[in-house]
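See below for the structure under consideration.
The values are calculated or read from the model by the stated rules, or taken from the named source; none is laboratory data. Computed from a prediction, not measured in an experiment: that's the story for all the values here. Positions of Cβ are generated from backbone atoms using ideal geometry, with glycine treated the same way; all protein chains shown enter the neighbour counts. Areas reflect the complete protein model, heavy atoms only, side chains present, ligands, DNA and RNA absent. Shrake-Rupley method; radii C 1.70, N 1.55, O 1.52, S 1.80 Å.
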Amino acid sequence: MSTETILILGGSFAGIGAAHYALRHTIPQLPKKQGVTYTVTLVNPSKDFYWRIAGPRAAVSKQLIPPSKYLYPIEPAFAYAKGTFNFVQGSAAHIDTAGHTVSVTTASGQQQSIHYAALIIATGVTTPSPLFTQTNNGSDLESTYNDFQKALSTAKHVVIGGGGPVGVETAGEIAEFLNGKPGFLSSGPKNPRGKVTLICADKKMLPILREAISKTAEKYLNRLGAEVLYNTKVVSATSTEEGKTLVQLADGKTIQADLYVDATGVRPNTSFLPKELLDNRNRVSCNPRTLRVEAAGPLVYVVGDVGSYTRGGVMDMADAIPVAMTNLKTDLVAHISGKPPGPDRYYTANLKEQQIAPIGTAKGVGAFGGWRVPSIMVWFLKGRDYMIGMMALPTVNGDSWKKEGKWKPEVGRAGLSSG
Ligand SMILES: Cc1cc2nc3c(=O)[nH]c(=O)nc-3n(C[C@H](O)[C@H](O)[C@H](O)COP(=O)(O)OP(=O)(O)OC[C@H]3O[C@@H](n4cnc5c(N)ncnc54)[C@H](O)[C@@H]3O)c2cc1C
């Protein structure tokens, strides 16, 4: 009896989703081959899944979001697949596409070589601020939050770099923590305890959303005691001897901050991959319709924010994971049976105006499918608990992937272009 491995690198939204999809819909549909069984191996540096979406509030207050709400053990969530699922705590260090192996550095520092029949790259992105990225284990993130919360309790001026959703949400959470909730009709806090400054490189915040929504976001931030500086960038942030941070702006101004949060974007986790597999933004280059990583040879796919095909985000996974995993199944069936492959399933990016951003615990802005969403709806969908109650457990235990999802084959197979 031999075992063939569907190897998944990265255990977050994309990798966990791909693993559940493979166990529930891919492996059960493979043709039976005498003496061969297929299993899923998931490699991730931490044993815990991090509900990153809640980062802006969890970083600020463990009373509002305790660790048990943002960290979820991965292995027990796959108990239903005992014998077919393996978890390796470690990081992919090297890939040999010709030999179909990935070298993994395990948590105990050993090198493990894993041979794959099929490979899914889902190693995501790292944020410049340690507040929004889990590294080796959940307790490290907890101590990062403890340190931040201690410093925040005495902070008089906090600067946040970056006018995207993470910067806006973080500014709102910090401002409300420092200054409290404003009265119903007030335009600012009564007795502000601290100043919060959000630095936005553009003339508006929240790039995906229209300007009018950005203006409303600014109004809500102002009510909580946060100001927004537009059209300037953070050039550098250096620690001073007094324990402060000197934030240098592109327009020549400097701000001495008690705390600085860098929310200026993300960096793909691809340093273990050869350059030939990457695009010019260091994302994994793939066929944008099939999500195959064609330069890596057959049976290699990418899902999640690390892929060249996506503008990122958790909602996009609902479109991308079924595509990559259906094409993986088609390719594996052809590989096992020796018959020509069936039709491809295609990914189409949803590029509509779609994003919701809570601003403090009571307000928020956003749009869904091109329609502006009222503040109360943003609160209901996300602001209450950053979607933990609605989505965290189904994401980690695979209930989100109970159904394979319907699709119609298009005529022909997708071309070899890489996006
Ligand atoms: C603060 C914040 C708030 C957000 N809020 C929202 C939101 O409200 N809605 C939304 O749609 N999106 C949101 N996003 C974006 C969302 O978090 C990402 O789209 C999502 O995390 C991407 O998931 P992923 O699985 O592709 O990658 P990641 O979540 O980045 O996970 C990658 C995983 O791979 C692991 N890994 C890295 N390197 C290796 C390696 N060499 N070997 C093995 N494993 C490795 C990492 O440790 C990690 O566990 C937010 C992002 C941030 C930072």
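Residues being away from the ligand (no atom under 16 Å from the Cβ) and buried (at least 20 other Cβ atoms within 10 Å of the Cβ) are represented in the range 185-195 by at least one member.
Listed here are the residues, each with its yes/no results for (1) in contact with a Leu (Cβ under 8 Å, 6 or more places away or on another chain); (2) within 14 Å of the ligand (Cβ to nearest atom); (3) of a type in the set (A, V, I, L, M, F, W, C).
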site: 98; (1), (2), (3): no, no, yes
site: 104; (1), (2), (3): no, yes, yes
site: 111; (1), (2), (3): no, yes, no
site: 121; (1), (2), (3): yes, yes, yes
site: 127; (1), (2), (3): no, yes, no
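Mind listing just one residue for me: the one in the range 271-300 that is among the polar types (S, T, N, Q) and more than 24 Å from residue 166 (Cβ to Cβ) and, of those, nearest to the ligand (Cβ to nearest atom)? Residue satisfying both the conditions and the ranking: 285. For the range 24-36, the condition holds for no residue, the condition being that it is in contact with a helix residue (DSSP H, G or I) (Cβ under 7 Å, 6 or more places away or on another chain) and near the ligand (Cβ under 10 Å from one of its atoms).
Cβ-Cβ distances below 9 Å connect the following pairs, each with a first residue in the range 293-305 that is free of Cβ contacts under 8 Å to residues at least 40 places away in the same chain, a second residue that is among the hydrophobic types (A, V, I, L, M, F, W, C) and open to solvent by less than 10 Å² (accessible area, probe 1.4 Å), and a separation of six or more residues or different chains: 298/118.
For the range 147-177, enumerate the residues that are of a type in the set (S, T, N, Q) and in contact (Cβ under 8 Å) with a residue 12 or more places away in the chain. Spell out the reasoning first.
Step one: of the range 147-177, the residues of a type in the set (S, T, N, Q) are 149, 153-154, 170.
Result: 149, 154, 170.
In the set 211, 169, 173, 218, only one residue is within 15 Å of residue 360 (Cα to Cα), over 24 Å from the mean Cα position of the chain (by Cα) and of a type in the set (D, E, K, R); that residue is 218. For the range 325-343, the criterion of being in contact with a helix residue (DSSP H, G or I) (Cβ under 9 Å, 6 or more places away or on another chain), within 14 Å of the ligand (Cβ to nearest atom) and either more than 18 Å from residue 119 (Cβ to Cβ) or open to solvent by 10 Å² or more (accessible area, probe 1.4 Å) (or both) is met by no residue.
For the condition open to solvent by 20 Å² or more (accessible area, probe 1.4 Å) and either closer than 16 Å to residue 21 by Cα or away from the ligand (no atom under 11 Å from the Cβ) (or both), what is the one hit in 303, 314? Steps first, please.
Values: 303 fails: open to solvent by 20 Å² or more (accessible area, probe 1.4 Å).
Of 303, 314, the one residue that is open to solvent by 20 Å² or more (accessible area, probe 1.4 Å) and either closer than 16 Å to residue 21 by Cα or away from the ligand (no atom under 11 Å from the Cβ) (or both) is 314.
Being touching a Gly at 6+ places or on another chain (Cβ under 8 Å) and either away from the ligand (no atom under 12 Å from the Cβ) or open to solvent by 40 Å² or more (accessible area, probe 1.4 Å) (or both) is the requirement here; does residue 251 meet it? No. Restricting the range 111-126 to residues that are surrounded by fewer than 19 Cβ atoms within 10 Å (Cβ to Cβ) and of a type in the set (S, T, N, Q) leaves a set whose member that is farthest from residue 259 (Cα to Cα) is 113.
Could you grab me the full set of residues in the range 129-139 that are near the ligand (Cβ under 9 Å from one of its atoms) and open to solvent by less than 40 Å² (accessible area, probe 1.4 Å)? Before you say what the answer is, go through the steps one by one.
Start the filter on the range 129-139 by keeping residues that are near the ligand (Cβ under 9 Å from one of its atoms), which leaves 129, 131-136.
Correct list: 129, 131, 132, 133, 134.
Remark: residue 266 matches the filter, which requires a residue to be open to solvent by 30 Å² or more (accessible area, probe 1.4 Å) and of a type in the set (A, V, I, L, M, F, W, C).
Report whether or not residue 166 is closer than 30 Å to residue 19 by Cα, of a type in the set (A, V, I, L, M), open to solvent by 30 Å² or more (accessible area, probe 1.4 Å) and modelled with pLDDT of 95 or more. For residue 166, the condition - closer than 30 Å to residue 19 by Cα, of a type in the set (A, V, I, L, M), open to solvent by 30 Å² or more (accessible area, probe 1.4 Å) and modelled with pLDDT of 95 or more - is met.
Checking the conditions here, which among 80, 50 is surrounded by fewer than 24 Cβ atoms within 10 Å (Cβ to Cβ), out of contact with any Phe, Trp or Tyr (no Cβ under 6 Å at 6 or more places or on another chain), at pLDDT 95 or above and under 30 Å from residue 362 (Cβ atoms)? Give the derivation first.
Working: 80 fails: under 30 Å from residue 362 (Cβ atoms).
Result: 50 is the single residue among 80, 50 that is surrounded by fewer than 24 Cβ atoms within 10 Å (Cβ to Cβ), out of contact with any Phe, Trp or Tyr (no Cβ under 6 Å at 6 or more places or on another chain), at pLDDT 95 or above and under 30 Å from residue 362 (Cβ atoms).
Please go through the range 93-104 and give me each residue that is farther than 12 Å from residue 9 by Cβ and open to solvent by 50 Å² or more (accessible area, probe 1.4 Å), ordered by number. Within the range 93-104, 96, 98 meet the criteria. Step by step: first the residues of the range 274-300, then only those that are open to solvent by less than 10 Å² (accessible area, probe 1.4 Å) and of a type outside the set (Ser, Thr, Tyr), then the one that is nearest to residue 326 (Cα to Cα). Which residue is that? If we take residues in the range 274-300 being open to solvent by less than 10 Å² (accessible area, probe 1.4 Å) and of a type outside the set (Ser, Thr, Tyr), then 291 is nearest to residue 326 (Cα to Cα).
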